[in-house]
1. Could you list all residues from the stretch 266-318 that are of a type in the set (Phe, Trp, Tyr) and at pLDDT below 95?
2. Can you tell me which condition residue 591 does not meet? The list is (1) touching a residue at least 24 places away in the same chain (Cβ under 8 Å); (2) surrounded by 16 or more Cβ atoms within 10 Å (Cβ to Cβ); (3) not small (Gly, Ala, Ser), and all the others hold.
3. Condition test on residue 73, is it in a loop (DSSP other than H, G, I, E, B), under 29 Å from the mean Cα position of the chain (by Cα) and without any contact (Cβ under 8 Å) to a residue 24 or more places away in the chain?
4. Here are some conditions: (1) in a helix (DSSP H, G or I); (2) surrounded by fewer than 23 Cβ atoms within 10 Å (Cβ to Cβ). Residue 284 meets all but one. Which one does it not meet?
5. Just to be sure I understand, how many residues within the stretch 64-108 are among the aromatic types (Phe, Trp, Tyr), more than 19 Å from residue 316 (Cβ to Cβ) and buried (at least 18 other Cβ atoms within 10 Å of the Cβ)?
6. Does residue 550 count as of a type outside the set (Ser, Thr, Tyr) and in contact with an Asp or Glu (Cβ under 6 Å, 6 or more places away or on another chain)?
7. For the stretch 165-253, please list each of the helices (runs of 4 or more DSSP H) lying entirely inside it that holds at least 1 residues being hydroxyl-bearing (Ser, Thr, Tyr).
8. Condition first: open to solvent by less than 20 Å² (accessible area, probe 1.4 Å), assigned to a helix (DSSP H, G or I), over 20 Å from residue 390 (Cα atoms) and of a type outside the set (Gly, Ala, Ser). Now tell me which residues in the stretch 317-356 satisfy that.
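The values are calculated or read from the model by the stated rules, or taken from the named source; none is laboratory data. What you see is a predicted model, and the numbers here were worked out from it, not measured in a lab. Neighbour counts run over all protein chains shown; Cβ positions are idealised from the backbone, glycine included. Note: accessible area is taken over every heavy atom of the protein model, side chains too, but ligands, DNA and RNA are not part of it. Shrake-Rupley method; radii C 1.70, N 1.55, O 1.52, S 1.80 Å.
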Amino acid sequence: MSKPIWMPSEDLIASSNITRYKKWLEDYCHLKFSSYDSLWSWSVEDDQDFWKSIWKYFDILHDGTPEFIRTNHPMPETKWFGGTELNYAEHIFRMQTDDHPAIIAYNESGIKRVISWENLRSSVAKMAAWLKGKGIGEGDRVAAYLPNIPEATVAFLATNTIGAVWSSCSPDFGGASVLDRFQQIEPSVLIVSAHYVYNGKKYNRSKEVLEIVKGLSSLKWVVSVNGNEDIGTRQRVTWEQIMNRKAAHLQFKRVPFDHPMWILYSSGTTGMPKAITHSQGGMLLEHLKYLTFHNDVKPGERFFWYTTTGWMMWNYVQAAMLCGATIVLYDGSPSYPDLDALWKMSQDLVIDHFGTSAPFLVACMKSGKQPGRTFDLSRLRSVSSTGAPLPTEAFEWVYASVKNDLWLVSMSGGTDVCTAFIGGVPTEPVFTGEIQKRALGVALYALDESGTSVIDEVGEMVISKAMPSMPVYFWNDPEKKRYLASYFEHYPGGIWRHGDWIRITPRLGLVVYGRSDATLNRQGIRIGTAEIYRSLDKIPAIQDAIIIHVEKDGVSFMPLFVVLKPGQTMDETLVYNINKRLRSDHSPRHVPDVVVQIPEVPYTISGKKLEAPVKKILMGIHPDKAANRGAMRNPSSLDFFAEYARSRSTVTPSSDS
């Protein structure tokens, strides 16, 4: 058993939110737990008592009396807290204070905006009053095409306040991709900004805005932020006109627990995006639980996560206000003018919790960055990572180059639940390469091919009991056919299959091996793509990589595509070192048939490698049918793979393997 790379101090353990919760359980529920693992076991075995305790511990504001905690219907028909009505935004504003701001917004030009709680309340009240005045109310959809700016947060809270349903896309989405999403939900109001800045360049999206507006026949009003865009024949009002209205009183519309709150979307790279709909009550309980206990966020702290409005982490960031934290919004590129940008911001804004993606941390590591020596990060107490498995070397880099006493929180979840299934526990040690624990209330297990739960073996990640934050439905999927097909077709008995390969370690930590639908099955041996990438991260010459396994006409072919760092050359020595590393770290089966240099790896806008679409292209499927380019960060990257597929008459390895 390896030694932990970090141990919580006695003071941290004593002052943590989860320790306070355990003390409350002991005092008020007469339940005592000697360890986190025993607390987790209770939370999934007696899940109704657990979620009831969350309701009471956080003193949920509501109308009505719960008729039940959870019905016994199998997923996805499970219902929660019947007979109650509540409002998510109301719980945010009960944390209003003059002691610290609600929002600090920052952009890559260094411009800072500080929004007080009073200012936020006033702006939300005006926007909510305007929406109601235009006939927008309970269940109506309000959509946004906005950068990560305070106006997006104001619009979301106003929408939530009146019981309407929120949905957003970031302005780097193409017009067709936005319409793929918003046409499904038929919004009545669209809030847009036709300009955004990224990597030092200003982008004009007026053409895309007009395309979106023309494509949404349901629209009644368009709200324009920072511009006077041509929106065709729709009625338009500017953000400034709404904010210049007279003061309004903020009133919260309490809605049933399972009332839709927002609509998120699957990546949409291999088909029409799924319109994943979450409930007000489910998100409220889950976010209070996770941000409080698993991120240990406290009133007055500053909580940052690099995201756009098109990724679920934007929604997740808003939840930090439930804990009384100041949320920090960043608009722009995380690497402009260089990879020090966000670390400098952390110093200048005195951030407590820094959230990012695993690829960002790996990029900083490979670039030799040492932010802990370059900047004053004395206030920083946690760094969180999601979006992809965090390799062992990145764990070590964080403690060597960022800060040796911070809490590294690797977590994994998804848009499907707008939270993490597995993540941090501030009272537990951190082991290199492992996510600390399964989250409270998440009955997560690894199943082998026979469907048996296994420990210390790679298996399919499943959830065996419902969570309140699971989707209430997919929008425009009345018979739940797409919902059932997405999670419940693989295993009988209402078991959620998430699509990840994981290993639960003997100490009940977790290692994620990547998506199971992109898993490499070579000579009968399952290989997680994350295994390959972790080894390649050790090779300085490699900047990025994507590995694919293709089986066609009885022939197996596993090419490795790599992006080299500037100044590096693809030669026999590098190929030898790659193969040697993979063979040494894993097995001969991990060695690719061929190593090919590429200009860039294809990514979704939210930062996921497009392994499955690339596999389809290598199988002969046209790129436009293999992936939706409009949902990609770098759509032209697919062209290389199309040409590569055309240049090979068969998938049989060539002489350069």
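1. We begin by selecting, within the stretch 266-318, every residue of a type in the set (Phe, Trp, Tyr); these are 290, 293, 303-306, 311, 314, 316.
Correct list: 311 only.
2. Condition (1) is where residue 591 drops out.
3. Numbers: in a loop (DSSP other than H, G, I, E, B): yes; under 29 Å from the mean Cα position of the chain (by Cα): yes; without any contact (Cβ under 8 Å) to a residue 24 or more places away in the chain: yes.
Spelling it out, residue 73 is indeed in a loop (DSSP other than H, G, I, E, B), under 29 Å from the mean Cα position of the chain (by Cα) and without any contact (Cβ under 8 Å) to a residue 24 or more places away in the chain.
4. With respect to (1) in a helix (DSSP H, G or I); (2) surrounded by fewer than 23 Cβ atoms within 10 Å (Cβ to Cβ), residue 284 is out only on (2).
5. Of all residues in the stretch 64-108, those among the aromatic types (Phe, Trp, Tyr) come to 68, 80-81, 88, 93, 106.
Filter once more, keeping what is more than 19 Å from residue 316 (Cβ to Cβ): 68, 80-81.
Going one step further and asking which of them are buried (at least 18 other Cβ atoms within 10 Å of the Cβ), we end up with 80-81.
Residues that pass the stated criteria total 2.
6. Values: of a type outside the set (Ser, Thr, Tyr): yes; in contact with an Asp or Glu (Cβ under 6 Å, 6 or more places away or on another chain): no.
No.
7. Details: elements: 175-185, 206-215, 239-243.
The helices (runs of 4 or more DSSP H) meeting that bar are 175-185, 206-215.
8. 317, 318, 321, 322, 323, 345, 349
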